[in-house]
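Asks: Sharing a structure here in structure tokens format.
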Amino acid sequence: MRKTLMPRVNQRGSVLLICLILLLAMTFLGVSAMSNSTMQERIVGGARDQNVAFQAAEAALRVGELMAQDVISEVSEYPELRPADAVNCVIGADDWKAPAGLKRAPSTPTCTVTSYYAALAAERTSQSDLLDAPEICIETGEAAGPGGASACHQDSPRGLLFKVDAEGFGSTGASATLRSTYVVIKDIE
């Protein structure tokens, strides 16, 4: 029995060259996809960190507004307050808790409650004038009284304005600052 031999053809390695080029192209596509995924992960992480900071600032703002409500019990007590002093809030674990799963816990949010009448109170106190309660009237949605268009009616609910500043922090350095104008309304008897 005789074996038939295939004729020898000069091979130049073209199949090997084509395979190497395809392998190189697939490597570039894989590296590009990994780079894109890493960038998207960083973007999502930054958005989450900003969201955590905003939620912390929002919680601190609510604590500050409750604190403003507690600062004054009646409008008539306002002259005894020291409105030039800003009051710092104490944010407890019941008020705000960082979300689980963060690699690093963010700083505790902060807030400050200040009366809008602090400058007026300081000026009048330095001049030894009596400090009238600089109250506003709440009448049909418009402010009246000192600086307003009309005088307060006898039966109008009255209140005082407070400025609440809050700042929240994320775990990787993001921060959010919020400010609220809060009116404490008390009915005059």
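The values are calculated or read from the model by the stated rules, or taken from the named source; none is laboratory data. As the structure is a computational prediction, the values presented were derived from the model and not from experiment. Cβ: placed from backbone, ideal geometry, glycine included. Neighbour counts: every protein chain shown.
Asks: Mind listing whichever residues of region 109-123 are buried (at least 18 other Cβ atoms within 10 Å of the Cβ), at pLDDT 85 or above, of a type outside the set (A, V, I, L, M) and closer than 24 Å to Gly159 by Cβ?
Replies: Residue satisfying the conditions is Cys111 alone.
Asks: Determine, yes or no, whether Pro106 is buried (at least 17 other Cβ atoms within 10 Å of the Cβ), part of a loop (DSSP other than H, G, I, E, B) and at pLDDT 60 or above.
Replies: On the way: buried (at least 17 other Cβ atoms within 10 Å of the Cβ): yes; part of a loop (DSSP other than H, G, I, E, B): yes; at pLDDT 60 or above: yes.
So Pro106 passes the test.
Asks: In addition: Please indicate, with yes or no, whether at least one residue in region 124-138 is modelled with pLDDT under 70, on the phi > 0 side of the Ramachandran plot and not acidic (Asp, Glu).
Replies: yes
Asks: Also: Would you point out the residue of region 156-187, among those that are at pLDDT 85 or above and aliphatic (A, V, I, L, M), that is farthest from Arg104 (Cα to Cα)?
Replies: Ranking the qualifying residues of region 156-187, first place goes to Val164.
Asks: Can you tell me which condition Val63 does not meet? The list is (1) outside any strand (DSSP E or B); (2) aliphatic (A, V, I, L, M); (3) at pLDDT below 85, and all the others hold.
Replies: The single condition Val63 does not satisfy is (3).
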